[in-house]
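Structure first, then comments.
The values are calculated or read from the model by the stated rules, or taken from the named source; none is laboratory data. Values in this document were obtained by computation on a predicted structure and should not be read as measured data. Positions of Cβ are backbone-derived with ideal geometry, glycine not excepted, and every protein chain shown enters the neighbour counts.
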Amino acid sequence: MSDAKKQIVIVQLYPRDMNIYGDHGNLQVLVRRLEWYGYAPKVIHYNVGNTFPKSADIVIGGGGQDSGQEKIHADLLKIGPTLKKWAEDGTPMLMVCGLYQLFGHFFRTLNNVSLEGIGVLDVETYGTNERLIGNIVTTSDAFGEIIGYENHSGQTFLGEHVKPFATVVRGAGNNSKDGHEGAIYKNVIGTYLHGSILPKNPAVADFLIKTAVKRKYHAFSKDLIDDMFADMARTIARERPR
Ligand code: GLN
């Protein structure tokens, strides 16, 4: 089979309720890069009450207000065991902010409502009166500099079964204390970075794509994409005031 026929299925979780500060750009980047690499992306938008797909090659999800999280919460708990199994099997996933929080053990809101998470990531989140907001620059061994925008009042703390996704250079990240941003477990990335994250950080997009392709088709060897525009966006974003 030629590569052009090779399909990669992307499941986007709750685009109707969990999709803010440009998160939709993450889907657009994955679709376009997969096409540039010669694959056939298929997108499934999964919203509350839909039939959950039987399989996925990449799963992504965005952020939302506390109220959006409350809307999708019961449904997420239903599909949680499947997502957890996929995560354990190595499916690449990217969860931003509100869904990052709910991929953890719980999100305790300021009103003391405890939203149980699905426990894919060993993290806990507590609502606070402090809003961590602004442009953020971080760095990681695996991906280099990762640049984005954060806006959250929940503060997340990592357990021993996850590693931080990145170290904060400028901004807040998971919380106002430990200088870590996001969490990574197997091929699941949780992060507070909106903006959206993938257009400005093609290394992260390619991690998701290459992991998915290698799992499904056993090899990934493609021409490099010219990331001139992403590089220009990174240069500007890096210098923007908090
Ligand atoms: N409601 C959550 C918080 O403020 C998530 C916000 C978001 O997804 N940007 O912590």
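Quick notes on this structure:
- Remark: Thr128 falls outside the filter, which requires a residue to be closer than 14 Å to Asp66 by Cβ, touching a Gly at 6+ places or on another chain (Cβ under 6 Å) and polar (S, T, N, Q).
- Every residue from the stretch 102-139 that is closer than 23 Å to Asp89 by Cα and among the aromatic types (Phe, Trp, Tyr): Phe103, Phe106
- Checking Thr191 against (1) within 17 Å of Pro241 (Cα to Cα); (2) at pLDDT 95 or above, the condition it does not meet: (1)
- Any hit, the stretch 127-137, residues being surrounded by 24 or more Cβ atoms within 10 Å (Cβ to Cβ) and either modelled with pLDDT under 95 or not aliphatic (A, V, I, L, M) (or both): no
- Hits in the stretch 107-123 - residues which are within 12 Å of the ligand (Cβ to nearest atom) and among the charged types (D, E, K, R): Arg108
- Of the residues making up the stretch 1-53, those that are at pLDDT 95 or above and among the aromatic types (Phe, Trp, Tyr) are Tyr14, Tyr46, Phe52.
- Taking the criterion of being in a strand (DSSP E or B) and away from the ligand (no atom under 15 Å from the Cβ), no residue of the stretch 190-224 qualifies.
- Residues located in the stretch 176-189, provided they are touching a residue at least 24 places away in the same chain (Cβ under 8 Å) and assigned to a loop (DSSP other than H, G, I, E, B): Ser176, Gly182, Lys186, Asn187
- Options Glu145, Glu124: the member that is acidic (Asp, Glu), over 23 Å from Met18 (Cα atoms) and in a strand (DSSP E or B): Glu145
- Within the stretch 154-170, considering residues that are of a type outside the set (Val, Ile, Thr) and under 18 Å from Gly98 (Cβ atoms), the one nearest to the ligand (Cβ to nearest atom): Gly154
- Any hit, the stretch 150-165, residues being touching a residue at least 60 places away in the same chain (Cβ under 8 Å) and assigned to a loop (DSSP other than H, G, I, E, B): no
- Test: residue in the stretch 140-153 that is within 22 Å of Val11 (Cα to Cα), within 14 Å of the ligand (Cβ to nearest atom) and modelled with pLDDT of 95 or more: no
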